[in-house]
Amino acid sequence: MRIPESKHFQLQRLADGVYAAIASERGYAICNAGIVDTGGRTIVFDTFISPDAAKELLRATKRLTPQNAIRVVNSHYHNDHIRGNQVFPSDVDILSTATTREEIAHKEPEVIKWEKRNIPKAIADAKSKLNLEKDPKRLRDLAFSVVYYKAIMESHPKLRMRLPNITFKGNLMIHGTRREVQLLPLTGHTASDIVLYLPDERIAFMGDLLFVNMHPYLASGSPERWKKSLSKIGKLGLQTLVPGHGPVGQSSDLSLMFQYIQSLETIARNMVKMGMPAKEAHLQPVPQPFDTWMMSEDHFIANLEFLYKEASQKGS
Ligand SMILES: [Zn+2]
């Protein structure tokens, strides 16, 4: 079968009936998604930041698995994983943990208000920096930020919040006629993160517990719990891991993510020990091998400031 195309994402076939939708750098998906045929039903894992991109995800799902009823799973509450929920017909069930549903309901209205107030200036700032920047890596990061802000701004007038209508606690097993799917509740990137695990294929859709070639965002979770979740997933012996952001990865990317958190924790602890103020986080060089990862200025500095706060609270 020909794989459908979209300017927002690239579909990658991982196994028969299992596809990763990898966000294009210039498209309005922003996060990655998954399409998994369980036999007679298809699970769509995460729905992007923009309803326009999600419409194409729905179209691609119908094309790839035309006979199947669709179910959606939201990995966690962040805007870039849930705002496409609204394009799925009302008879499509949307599943998440009970915590994720509560977080979407409580946080989204505030987040949208904040975005409306702050994003126009953020776009203008990023664009003016873009005009002056010479460094190719920084240019790429800035261009990506502009696309991210525009995806949010342009979707605001169309947004209607669609909450998950089925919630669960603990593992959820789907015994499909074609394959078994496990939804594993973990924590660390946020208070509630779901990993979609395919035991027979040794594939996992990781949500934002994994970023590949891109700085993760640590500040809405817990680094300790994140590291524990990565160790747990490491024991599954996975072959293919689809991150929330970045290209499809492998099990070694789990250890890299673990090392990333650990090495930033060390930098933050040393800053506290040496009496450096948190606002000097931007003076710290990005350690190797993470210096080649995307979003170094924005996420790296925010992560260090967050870990600094944690380290100084532990120390006091
Ligand atoms: Zn996230």
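Any residue in the range 278-304 that is without any contact (Cβ under 8 Å) to a residue 24 or more places away in the chain and over 16 Å from ILE261 (Cβ atoms) sitting within a Cβ distance under 6 Å of a residue that is assigned to a helix (DSSP H, G or I) and not small (Gly, Ala, Ser)? List the pairs, counting only those 6 or more apart or interchain.
HIS282/ILE301
If the requirement is being away from the ligand (no atom under 13 Å from the Cβ) and either at positive phi or modelled with pLDDT of 95 or more (or both), which of these qualifies: LEU172, LEU209, LEU218?
LEU172
Filtering the range 114-141 down to residues that are acidic (Asp, Glu) and free of Cβ contacts under 8 Å to residues at least 24 places away in the same chain, which residue is surrounded by the most Cβ atoms within 10 Å (Cβ to Cβ)?
The residue in question is GLU133.
Name the residue, out of VAL92, VAL111, that is among the aliphatic types (A, V, I, L, M), within 30 Å of ARG59 (Cβ to Cβ) and open to solvent by 40 Å² or more (accessible area, probe 1.4 Å).
VAL111
Looking only at residues in the range 79-89 that are of a type outside the set (A, V, I, L, M, F, W, C) and open to solvent by less than 30 Å² (accessible area, probe 1.4 Å), which one is farthest from the ligand (Cβ to nearest atom)?
The selected residue is GLN86.
Only one of SER50, SER24 is surrounded by 21 or more Cβ atoms within 10 Å (Cβ to Cβ) and either modelled with pLDDT under 95 or of a type in the set (S, T, N, Q) (or both). Can you tell me which?
After ruling out the rest, the residue left standing is SER50.
Does ARG101 meet the test of being touching a strand residue (DSSP E or B) at 6+ places or on another chain (Cβ under 7 Å) and not in a helix (DSSP H, G or I)?
No: the conditions fail for ARG101.
Got a number for residues in the range 43-73 being touching a Lys or Arg at 6+ places or on another chain (Cβ under 8 Å) and either closer than 20 Å to HIS106 by Cβ or without any contact (Cβ under 8 Å) to a residue 24 or more places away in the chain (or both)?
So the count comes out to 2.
So which residues in the range 164-175 are open to solvent by less than 50 Å² (accessible area, probe 1.4 Å) and touching a helix residue (DSSP H, G or I) at 6+ places or on another chain (Cβ under 6 Å)?
Of everything in the range 164-175, just one residue is open to solvent by less than 50 Å² (accessible area, probe 1.4 Å) and touching a helix residue (DSSP H, G or I) at 6+ places or on another chain (Cβ under 6 Å), namely PRO164.
Filter the range 292-303 down to residues that are over 16 Å from the mean Cα position of the chain (by Cα) and open to solvent by 60 Å² or more (accessible area, probe 1.4 Å) and give me whichever is nearest to PHE144 (Cα to Cα).
Applying the filter and picking the extreme gives GLU297.
Out of the range 232-260, which residues are of a type in the set (Val, Ile, Thr) and surrounded by fewer than 19 Cβ atoms within 10 Å (Cβ to Cβ)?
Selection gives VAL248 alone.
The values are calculated or read from the model by the stated rules, or taken from the named source; none is laboratory data. All values reported here derive from a predicted model rather than from experimental measurement. Glycine gets a Cβ as well: all are built from the backbone with ideal geometry, and neighbour counts include every protein chain shown. Calculation scope for accessible area: heavy atoms of the full protein, side chains included, ligands and nucleic acids excluded. Shrake-Rupley method; radii C 1.70, N 1.55, O 1.52, S 1.80 Å.
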